[in-house]
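Following: one structure in structure tokens, then a few remarks.
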Amino acid sequence: MNWLDKRPNVLILMSDEHSYRFMSFRERFGDGEPVRTPTLDGLAETGIYFDRAYTQMPLCTPARMCFMTGRSPSRCVALDNRSVLDPAFPTLPRHFASHGYATCLVGKMHFGGSLQYHGFQYRPYGDFGGSDPGHQPDPFSGERTAGMRGRTLDAGVTQIPEGMLQEQMVVRESLAFLREHEASRPDQPWLLCASFSRPHFPLTAPKRYFDRFWPEGVTRPKVERTGDAADHPMVRAVREGFLTDEVGDEEMMRARAGYFACVEYLDEVLGDFLACLERTGQLENTVIVYLTDHGEMAGEHGLWWKHTWHEASVRIPLIVHLPDHMRGEGVPSVRTDVALLIDVFPTLCALANIPIPEGLDGRDLGIDRGHGGDLSKAPGAAGEGPLLVSEALCNRWGEGNEFRIAVAGRYKYVGFRSAPELLFDLELDPLEQRNLAPDATGDAARALGTLREAVHGGFDWDEEIRTLYERANVLAEQYKKRSAASGPNQIQLPDGRLVEADDPLYRPRVVVNAVSEGFDDAPGGR
């Protein structure tokens, strides 16, 4: 029996804040960074790689809410990292569970409030409500720099023993779940989401990786603080909010080295994980998806982090790898049509031969089971459009800077509630230096009119935002956080109790100082 005769397993490998540039095979596209990612390269080069994939919102919780529901931010009430997902919405894991799948989440998902499962039947380890969702503060001692500046100033070698890093815990608990499932319910298909913190800050990694990039191996950003939009009101607000004007050149380069190192370390962890699963035969009937929630500016345009309209912030890596690809029989492909994070839900339903729920905004990407991507079925292909790809309706950067992004073919439009509009030709201007909107002519003028209508037509900004905040406040009040979790990650015991996974790091019970007084043969000992 091959995988076409029964429902496949689904393995979702999710990272956090991974810029599409940071995969080594992208260097052949001319816009990649010099990182080594053999695991992701292998999945992309033998599977289906979506070259133009976008997040629905460049911020953790909202993006994940959209991924889970297959809905746009305004439809699933995704405003900011405090947002609570309405349990009335069907979610990817809940839908698969209702069709006979065992569903499990291991690691970060940044759910808001008291609802921490949303259809996942098992969740042995993750961020159940800590103050730093899934991200282990590092350095873990009192040496951390307070506030926003610590994100770049503290970049370097991790102080956390490698076996206690969140990525290692995710792999171990994921393997444990799959082995137990195989032993007890071998005929039941499973959907596992293994969700990793890196390359999200803190920008720390094991020494072998950081030393490879600092101080000699790191490159400068693809684009500096230049271009027509360098002083756009929203860009100014982001620089002020994230304090990026205070980041000097050496600090920027060291932080970039940390980001490079985090990407390579994550790739190593993913490679170890997949090697274990391949050795035990658990990938023979498994669809593998690699994705992230949003990108990372990493110094581009003089900016860090996310929450902006730039390509490095909203464009994401997306890879789908089928069982036939694992056996070398599938047809690998690079898809150049636009794909969205919300498309993953209906696409996986189609691959699993289960019905797609009504009311989703995402669309099946038209991947033939057992083959590659069929471009003729794909929405948003080059030359088609327009397609609304991303939006941020939270006024974190000042009222008026809320935005929506639409693309059509080579053109990308950013419309704001009241700030100046932007139009870029991504084919001729991939680094978004020239804003065509003020004096667009020819094809650009036609695209501007079409995309402007897609963003603003029939959309009452004031009313939509007012309604969203009202709905978000009701959900936040109805599902207040109940967990007493105080650390980034918790372990769920068999009886259901949650215990802090990282207490040995942040609230240790020190038994002895091995170096100064514990053991005579310790380095520096007596």
* Asked: Which residue pairs have Cβ atoms closer than 6 Å, lie 6 or more positions apart in sequence or on different chains, and pair a first residue in the stretch 23-46 that is more than 19 Å from ALA257 (Cα to Cα) with a second residue that is part of a loop (DSSP other than H, G, I, E, B)?
  -> LEU40/MET23; THR46/PRO332
* For the stretch 242-282, enumerate the residues that are over 24 Å from the mean Cα position of the chain (by Cα), over 24 Å from VAL35 (Cα atoms) and either in a loop (DSSP other than H, G, I, E, B) or free of Cβ contacts under 8 Å to residues at least 24 places away in the same chain (or both). => ARG279, THR280, GLY281, GLN282
* Tell me, which residue of the stretch 310-328 that is assigned to a loop (DSSP other than H, G, I, E, B) and touching a His at 6+ places or on another chain (Cβ under 9 Å) is surrounded by the most Cβ atoms within 10 Å (Cβ to Cβ)? -> LEU322
* Asked: Which of the residues that make up the stretch 144-186 are among the hydrophobic types (A, V, I, L, M, F, W, C), over 21 Å from the mean Cα position of the chain (by Cα) and assigned to a helix (DSSP H, G or I)?
  -> LEU153, MET164, LEU175, ALA176, PHE177, LEU178, ALA183
* Asked: Which one of these does TYR259 not meet: (1) among the hydroxyl-bearing types (Ser, Thr, Tyr); (2) at pLDDT below 95; (3) buried (at least 23 other Cβ atoms within 10 Å of the Cβ)?
  -> (2)
* For residues that are touching a Pro at 6+ places or on another chain (Cβ under 8 Å) and modelled with pLDDT of 95 or more, scanning just the stretch 200-251, find the one that is farthest from HIS307 (Cα to Cα). => THR219
* Kindly indicate whether VAL474 is without any contact (Cβ under 8 Å) to a residue 24 or more places away in the chain, surrounded by 10 or more Cβ atoms within 10 Å (Cβ to Cβ) and either in contact with a Phe, Trp or Tyr (Cβ under 7 Å, 6 or more places away or on another chain) or farther than 30 Å from GLU391 by Cβ (or both). => no
* Report, by residue number, each residue of the stretch 49-85 that is out of contact with any Lys or Arg (no Cβ under 7 Å at 6 or more places or on another chain), within 23 Å of SER114 (Cβ to Cβ), β-branched (Val, Ile, Thr) and part of a loop (DSSP other than H, G, I, E, B). => VAL84
* Among all residue pairs at least 6 apart or on different chains, which show Cβ distances below 7 Å where the first residue, located in the stretch 425-443, is without any contact (Cβ under 8 Å) to a residue 60 or more places away in the chain and the second is surrounded by 11 or more Cβ atoms within 10 Å (Cβ to Cβ) and among the small types (Gly, Ala, Ser)? -> ASP425/ALA444; LEU436/ALA444
* To do: Of the conditions (1) buried (at least 18 other Cβ atoms within 10 Å of the Cβ); (2) of a type in the set (Ser, Thr, Tyr); (3) at pLDDT below 95, SER174 clears all except one; give me its number.
  => (3)
* Structure fact -> Screening ALA78, ALA53, ALA63 for residues that are without any contact (Cβ under 8 Å) to a residue 40 or more places away in the chain, at negative phi and either of a type in the set (Lys, Arg) or crowded, with 24+ Cβ neighbours inside 10 Å (or both) leaves only ALA78
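The values are calculated or read from the model by the stated rules, or taken from the named source; none is laboratory data. Values in this document were obtained by computation on a predicted structure and should not be read as measured data. Heads up, the Cβs are rebuilt from the backbone with ideal geometry, glycines too, and the neighbour counts pull from every protein chain shown.
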